[in-house]
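Working notes, beginning with the structure itself.
The values are calculated or read from the model by the stated rules, or taken from the named source; none is laboratory data. Not measured: the values here are computed from a predicted model. Every residue, glycine as well, gets a Cβ built from its backbone with ideal geometry; the counts of neighbours run over all protein chains shown.
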Amino acid sequence: MKLKNLILIFILITIYGCGFSSIYSSNNSSNFSINEIILEGDSSLNNYLKSNLIKYQNKDTEIQFIVKVETNYEKNVLTKSKTGKITNYELIGEVIFDIQPINKKISFKEEKIMESMSDKFQERKYEKIIKQNFAKSFSDKLVFELELLK
C-alpha cells in the first residue's frame with residue numbers, strides 16, 4: 001500500500017515538475033480575433049470547422065479577421081472485390097480559407113483511405129469521426145497561419 005502511494009506521489013511530482021499542461025486547457029493566448037466566419041460547401045464539415053473556430057471569435061484584440069471558408073468533401077470508391085463489392089473508399093477533404101482584410105487565400109487538403117465495413121452504421125460513424133479530424137486539422141492549420149500573420 002505504501003509502495004503504491006509512493007509511486008503515485010513520484011509520478012505526480014514528475015508530471016508537475018516537467019511543465020505538463022493539458023492540451024484542452026482554456027488558456028488561449030492568441031492575440032487575434034475572427035470576427036466573422038462565412039461558410040460555403042459541405043455542411044457537416046462546415047459545422048465541425050465552425051465549432052473549432054468559434055473560440056477565436058468576439059475577443060477584444062487589435063488584429064481582427066473575417067474568414068470565408070469554402071469546403072469540399074468527396075467519398076470515392078477506391079477498390080472493389082471480384083464480386084463487385086466495395087472494399088475501400090478514399091475520403092478527401094479540401095478547404096480554402098479567404099482571410100480578409102489582408103486578402104490572403106490558404107488552402108489545405110486531407111486524404112484518408114477507409115475500408116468498407118459490413119455494418120453500415122459503424123461505417124457512417126467512422127466516416128463522421130474522419131470528417132471531424134479533417135476539420136480539427138484544418139482549423140489548427142488556419143490558427144497557426146493566423147498566428148504567423150500578426
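Annotations
- Unique match (being among the basic types (Lys, Arg) and exposed (fewer than 14 other Cβ atoms within 10 Å of the Cβ)) among Lys112, Lys82, Lys68: Lys82
- Among the residues of region 111-128, at least one is hydrophobic (A, V, I, L, M, F, W, C) and in a loop (DSSP other than H, G, I, E, B).
- Verdict on Ile92 being touching a residue at least 12 places away in the same chain (Cβ under 8 Å) and surrounded by 12 or more Cβ atoms within 10 Å (Cβ to Cβ): yes
- Residues of region 60-100 classified as in contact with a Leu (Cβ under 6 Å, 6 or more places away or on another chain) and within 15 Å of Glu145 (Cβ to Cβ), total: 2
- Among (1) under 26 Å from Lys55 (Cα atoms); (2) in contact with a Lys or Arg (Cβ under 9 Å, 6 or more places away or on another chain) - the single one Met114 does not satisfy: (1)
- Selection status of Ile15, surrounded by 10 or more Cβ atoms within 10 Å (Cβ to Cβ) and modelled with pLDDT of 75 or more: no
- Search result, residues across region 123-135 that are of a type in the set (Lys, Arg) and exposed (fewer than 15 other Cβ atoms within 10 Å of the Cβ): Arg124, Lys125, Lys128
- Which numbered condition Ser44 fails, given (1) in a loop (DSSP other than H, G, I, E, B); (2) in contact with a helix residue (DSSP H, G or I) (Cβ under 7 Å, 6 or more places away or on another chain): (1)
- Criterion violated by Tyr73 - all others in (1) under 22 Å from Lys136 (Cβ atoms); (2) free of Cβ contacts under 8 Å to residues at least 40 places away in the same chain satisfied: (2)
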